[in-house]
Amino acid sequence: MELLRRALAALSAAAGSGPIAAGSRPPRAPIPSRWRLAAWCCGLATAVAGTPGAEAAAAAEYLPATAAARCTPWPTTAALQPLRARAIGLLGQRGIREPEAWTDAVLVALCAAQLPASAENVSLVFALIERESSFHPHGLLPNAPGAWRKLAYRAIDDLLAAELRDFERLLGREAAGRFVGHAMGALREVGLLDRERLRRSFDRHDERFGWSRRVFTEWDVEHFVARDLLTLADEVTPLGLLLRGALAWEPRWRELLGDGRLFRSVGPLQVQPEAAVDIAAEDHIALDLARARALLYTVQGGVYFGVRQLKPVIAAYTAERALTESSAGFVAADWRQGFVFACRDAALVTQIARLAGRSLPPDTSLSSPPVRALLLSLGATLATPPGASAPGAAGADHAAAVDALLAAAGSPALGQVPLYGRLRAAYRSRFGVEPASAVVPDLQYASAKTGRYRLRDVVDDTRRRFVANCARLGCAG
């Protein structure tokens with residue numbers, strides 16, 4: 001208890017306020033009570049279920065008027081009706097709740113994004129939704145309840161390392177630095193700067209309050225656990241200290257923290273709320289972050305913004321033919337990496353490195369200085385490779401050709417750059433095999449929700465799901 005009093009005194013003194021009595025709670029800002037929160041949940045659930053009035057009202061918030069008129073409640077062309085029926089049957093057979101709502105949301109999103117509502121495209125979007133959220137609009141946590149513990153551990157690690165990105169997203173850049181500095185001062189005052197000790201402290205209170213037993217979706221974390229944490233009055237836990245520090249420093253932060261916003265990407269297709277705001281702005285629709293996050297937690301809104309993010313990647317791989325098992329995997333990989341033609345550029349980087357007898361890390365960008373240096377060293381090799389349609393350049397001309405190639409990284413124009421053809425011809429001649437047009441780089445990621453994972457595993461899983469969906473939906477291939 002003495003440790004507790006010292007922590008509370010340190011927090012209050014740093015904030016310039018009077019001491020907070022142990023066992024008491026600071027004045028609460030206007031946060032919805034339990035029954036109001038339950039009513040809000042029910043309202044969201046109604047929107048998720050897709051009642052006609054709610055769906056139309058929500059769609060009007062983010063769909064351009066022309067797209068809403070053309071695509072809602074779903075594009076009812078005669079050609080689409082058999083595909084729609086098969087898609088609903090597929091989801092129903094797999095036990096997905098509201099199969100009609102999910103199917104119509106995908107068809108509306110493809111229509112609004114001006115992508116073909118083909119069996120291949122529906123199969124891919126279904127595969128990605130299933131992988132990212134198991135068709136749960138609130139973003140099903142893949143390893144709940146362990147995911148909540150990982151998020152808390154990430155908060156501890158971020159705090160001790162003074163990593164501000166998550167706190168800046170919650171509180172804003174200016175406030176985040178003061179917030180973290182204040183919390184660190186409080187932890188230092190009570191001698192709680194050991195990561196393992198902080199983790200054990202969180203685990204004890206996690207068990208006491210039963211947070212993990214109620215956390216199965218992102219929405220649960222953001223809208224229940226955050227508010228439960230705000231009720232902590234005298235618990236010396238890492239998040240409790242952080243929250244008490246925030247409340248003592250500036251009361252308005254209580255409302256920001258109480259609203260959750262713990263995840264960078266949310267919903268059935270894991271879209272960042274900031275990206276949804278930008279997409280809406282492209283359509284001249286004003287959408288704030290709070291409303292964007294709420295829409296991403298619905299079937300219709302979450303699918304729409306996810307498909308809009310997928311649009312340039314799908315368009316890039318379907319310019320000449322419908323999606324195949326291979327190209328569906330490249331779409332998933334490019335989407336996960338965050339830019340179009342990532343796999344194509346990765347293939348070229350690999351081929352350049354092999355021609356030069358070097359190796360490069362799998363995350364090396366095509367436009368990076370190391371790749372430019374290798375290309376410049378290949379001037380003689382690329383002078384006139386067998387099978388090239390035109391002689392190569394030398395000296396300053398070769399440097400200009402290299403710069404033209406690098407400038408086309410990430411764009412469809414790369415294939416028309418002369419040096420691109422010469423590189424592929426040189427590779428074919430040297431190694432006697434056709435150079436791959438795209439490869440999935442061997443990248444690894446770390447996520448608080450899923451732990452460590454490899455990009456190739458994500459792609460392989462997406463391909464398997466795509467093939468299984470295609471078998472039921474009747475893809476042309």
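Rule-based calculations on the coordinates, nothing more; no lab input. Model, not experiment: these values are computed from the prediction. All Cβ positions, glycine included, derive from the backbone under ideal geometry; neighbour counts span all protein chains shown.
Couple of notes before you dig in:
- Global geometry of the range 336-431, whether rounded, prolate or oblate, following the gyration tensor of its Cα atoms and the 1.5 cut on a/c: prolate
- Rounded Å value of the spacing that divides the Cα centres of the range 90-130 and the range 259-325: 15
- 16 Å reach of a label modelled at residue 476, 7 Å along Cα-to-Cβ, counting backbone N of the range 118-155: 118-124
- Ordered by the number of other Cβ atoms lying within 10 Å of each residue's own Cβ, fewest first, 193, 160, 128, 414 fall into the sequence 193, 160, 414, 128.
- In this structure, residue 97 and residue 431 have a Cβ-Cβ separation that, at R0 = 60 Å, corresponds to a calculated FRET efficiency of about 0.70.
- With N the number of residues in the range 56-204, Rg(Cα) / (2.2 N^0.38 Å) evaluates to 1.55.
- Fraction of alpha-carbon pairs over 12 Å apart in the range 63-103 - percent: 62
- Computed over the range 146-230, the ratio Rg/Rh where both radii use C-alpha atoms and Rh is Kirkwood: 0.97
- Sparsely packed loop sites in the range 335-384 (the trypsin sites (Lys or Arg not before Pro) outside DSSP H, G, I, E and B with at most 15 other Cβ atoms within 10 Å) comprise 358.
- Residues whose placed amide H lies under 5 Å from that of residue 266, excluding near-sequence neighbours: 271, 272
- Stretching the chain fully between residue 461 and residue 70 yields a gain of 137.4 nm (0.36 nm per residue, less the alpha carbon separation).
- Pairwise label distance in nanometres, residue 444 with residue 208, each label 7 Å out on the Cα-Cβ vector: 3.7
- With N counted as the residues of the range 324-379, its alpha-carbon radius of gyration over 2.2 N^0.38 Å works out to 1.22.
- Fewest-first sequence of 173, 131 by Cβ atoms within 10 Å of each Cβ: 173, 131
- Net +/- balance of residues flanking residue 165 in space, Cβ distance below 15 Å, scoring K and R +1, D and E -1: -2
- With both labels modelled 7 Å from their Cα along Cα-to-Cβ, the residue 158 to residue 321 distance reads 4.5 nm.
- Look at 397, 283, 220 and count the other Cβ atoms within 10 Å of each Cβ; fewest to most, that gives 397, 283, 220.
- Here is the list for the range 59-117: trypsin sites (Lys or Arg not before Pro) lying in DSSP coil, each with at most 16 other C-beta atoms within 10 angstrom of its C-beta, are 94, 97.
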